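K.L.:
My questions all concern the structure below.
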Amino acid sequence: MAAAVVALASAGWLPAQGQTQEHSTATPEASATLERSGIQLQRDGDAVLLTAALNWTLPDLVQDALLKGIPVHFIAEADMLQERWYWRDQELLSADRYMRLSYQPLTRRWRLYTGSQPFEGQGLGVALSSSFETLEEAVQSMQRIVRWRIGQATDLPSSGSAILQLRFRIDLSHFPRPLQIGALGRSDWNMLVTRREHVDLEKLQ
């Protein structure tokens, strides 16, 4: 089956809570649309893949924490929902991506771990590891999501529309307890980027 693509018209994700802010098997027509878009949904076999370009900036307090050797955890969340007027929205697809960014003073390099499961305790589980010379390079890597599998196309209705809901945030639960308490209610820590887009499900068949 040829890959089906939905390109959502957006230059990036919209910021919330005071924050500023590929390779593809698409057809030529879909690729042309993607040039004006920051989000792409693509079907590859039974998989639904998400490609996105995020737009956010690390708050100064978060950068300071990183430079002091405190790892910072992030979560990217993708949900496909079907609106229902008589009840809450039905969840069709759901996926999470977990990221752990840290600075290594001895080597003066940045280490990014990415996985599909939460990082519990000191273990990193099955996660991809990347190393960067600068914080800017590490952030740019986190801002690019390429062909992320968010679910199975067979779990989607063959027609109608759905809502793609995207969220990217800092996971404060992994900070040391005193830092968690100090971060409560401070907008510099509560970085949240979110977006909701309507999707024509027929284009993913």
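K.L.:
Below 14 angstrom from the Cβ of ILE163, what's the summed charge of the other residues (Lys, Arg +1; Asp, Glu -1)?
P.N.:
-2
K.L.:
Taking 0.36 nm per intervening residue step and subtracting the Cα-Cα distance, what contour gain separates ASP171 from GLN152 on full extension?
P.N.:
Full-extension gain reported as 4.2 nm.
K.L.:
To continue, here is another question. TYR86 to SER131: extension gain in nm, 0.36 nm per residue of separation minus the Cα-Cα distance?
P.N.:
Numbers: separation 45, 0.36 × 45 = 16.20 nm, distance 4.88 nm.
Fully extending the segment from TYR86 to SER131 adds 11.3 nm.
K.L.:
Please report the net charge: other residues with Cβ closer than 9 Å to the Cβ of PRO118, K and R +1, D and E -1. Walk me through the numbers before you get to the answer.
P.N.:
Details: positive: none; negative: ASP96, GLU120, ASP171.
That works out to -3.
Bear in mind these aren't lab numbers, they're just calculated from the coordinates by the rules spelled out. All of these numbers come straight from a predicted model, not from anything done at the bench. All Cβ positions, glycine included, derive from the backbone under ideal geometry; neighbour counts span all protein chains shown.
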